[in-house]
Amino acid sequence: MLDPALAATALAFVVGGVLLGTVSGLTPGLHANNMALLLASVAPAVPGPPRLVGAALLATGVVHTFLDVVPALALGVPDPAMAASALPGHRLVLEGRGREALRLSALGSGLAVLLAVPLAIPVTRAMVTAYPTLRAHLPLVLGGVALVLVLTERDPFRMLVGAGSFLASGALGWLTLDIDPAAPLAVGGVLTPLFAGLFGAPVLVDALGGSGVPPQGDTTVATGPKAVARLGAVGALAGAVVGYVPGVSSAVAATVALLAVGGSGARGFIVTTSGVNTANSVFALFALVALGSPRTGVLVALEEAKTPLNLPLLLAAAGLAAVAGFCLVPVLGDRYLERLRDTDYTRLSAAVLVGLAAVSFVFAGVLGVGIFLVAAGLGLVPARLGARRSHLMGVLMGPLIVGA
């Protein structure tokens, strides 16, 4: 950092990563892992020191975790009559509080990064000691998480739906995850059609008859600063779980964490989930350094690109990217919501569905399209019957429970 030329070059690479993360985060259906795999395939050809290429990759991933909330809130908003089964963020959009939701997400992600950096060292030391035991008992840990999700549903019928959704998605994962499909993209895989079908398509299907984004109110955040800080801390700690425990997603960790602290409605879920998602970028980096185990697509890309793990440089890149992401969410998110008010929402939802099918083909070929359609049918079940969508993470947790 004392060399002006080197500092300027490093900053340029980080800015490049921020721009890529902005594009990927605002693109419907493009998951951070998909973007990471694309970047990994071209990273060796990027001119410049490998450590700076790694910094750009990490910056891309961090900014993506901030901005992916924008299309998540703006797309897939259902008809108001279906508000009870809508995602927490969509419920706020239907109430005209989408701009508030954007700021809650930015606060959750920003606070999580601030807390994750100082917490990462003691948590990593603890996990280095505990990891062998955790790994040996991983089926019990994941089974316990799944059981908590099922038992905390609101009534026996929803518990049954949750358990059935977990088992069915687990069976789908067991049948498909080991497949190496012939696809146009060499770095593809079946995770793309699985997640696009289970979690992306059902939301868009519900929105096909919707009236779109209603007029949005002001930017006032109704949740108090102390509550936001508490939820951000919960998100940061839950992000540590996601960073170290295979198979546990941000939504699952956020759900269990909120159950532990009493829950805070749609606003609390947005703050906590955003915090988990972004804090995971920091904790997973330390997990890779300490345990040699990449837990995110971005870190898999770092390994495949053979970039050196220069921790101070990578943390600086993550910090700069977090500042950029925090500022970009409200600026770009407000415009995103406003633009969609004048859009034919049925055509838009249908177009994004076709886009998800196309992305599934690019990453997993014709088989990927078939997997996408099956996963989409299964993904419609939980919310339609009143259960949480997070049970569908059985697609990863189930095979790990059986095969660990």
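The values are calculated or read from the model by the stated rules, or taken from the named source; none is laboratory data. None of these values were measured; they are calculated from a predicted model. No Cβ is skipped: glycine too gets one built from the backbone with ideal geometry, and neighbour counts run over all protein chains shown. Note: accessible area is taken over every heavy atom of the protein model, side chains too, but ligands, DNA and RNA are not part of it. Shrake-Rupley method; radii C 1.70, N 1.55, O 1.52, S 1.80 Å.
Values as computed for the structure displayed
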item	result
Unmet requirement for residue 331, which otherwise passes all of (1) surrounded by 17 or more Cβ atoms within 10 Å (Cβ to Cβ); (2) closer than 30 Å to residue 15 by Cβ	(1)
Matching entry among 257, 233 (being in contact (Cβ under 8 Å) with a residue 60 or more places away in the chain and either part of a loop (DSSP other than H, G, I, E, B) or closer than 22 Å to residue 107 by Cβ (or both))	233
Which listed residue, of 58, 73, 102, is in a helix (DSSP H, G or I), within 16 Å of residue 319 (Cβ to Cβ), within 20 Å of the chain's Cα centre (by Cα) and modelled with pLDDT of 85 or more	58
Filter pass, residue 201 being of a type outside the set (Lys, Arg) and under 21 Å from residue 38 (Cβ atoms)	no
Among (1) farther than 24 Å from residue 102 by Cβ; (2) at pLDDT 90 or above; (3) not aliphatic (A, V, I, L, M) - the single one residue 384 does not satisfy	(2)
Tally of residues being among the aliphatic types (A, V, I, L, M), under 24 Å from the mean Cα position of the chain (by Cα) and surrounded by fewer than 17 Cβ atoms within 10 Å (Cβ to Cβ) across segment 152-167	1
Any hit, segment 277-287, residues being free of Cβ contacts under 8 Å to residues at least 40 places away in the same chain, touching a helix residue (DSSP H, G or I) at 6+ places or on another chain (Cβ under 6 Å) and open to solvent by 10 Å² or more (accessible area, probe 1.4 Å)	no
Selected residue (only one of 184, 202 is under 24 Å from residue 27 (Cα atoms) and either among the acidic types (Asp, Glu) or assigned to a helix (DSSP H, G or I) (or both))	202
Among (1) small (Gly, Ala, Ser); (2) part of a loop (DSSP other than H, G, I, E, B); (3) open to solvent by 30 Å² or more (accessible area, probe 1.4 Å) - the single one residue 210 does not satisfy	(3)
Residue under evaluation residue 178, criteria (1) in a helix (DSSP H, G or I); (2) open to solvent by 50 Å² or more (accessible area, probe 1.4 Å); (3) farther than 21 Å from residue 104 by Cβ, criterion not met	(1)
Subset tally (residues that are more than 24 Å from residue 106 (Cα to Cα) and crowded, with 20+ Cβ neighbours inside 10 Å) for segment 306-327	1
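Results for (1) aliphatic (A, V, I, L, M); (2) at pLDDT below 85, shown as yes or no for each residue.
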| residue | (1), (2) |
| --- | --- |
| 1 | yes, yes |
| 10 | yes, no |
| 13 | no, no |
| 16 | no, no |
| 23 | yes, no |
| 27 | no, yes |
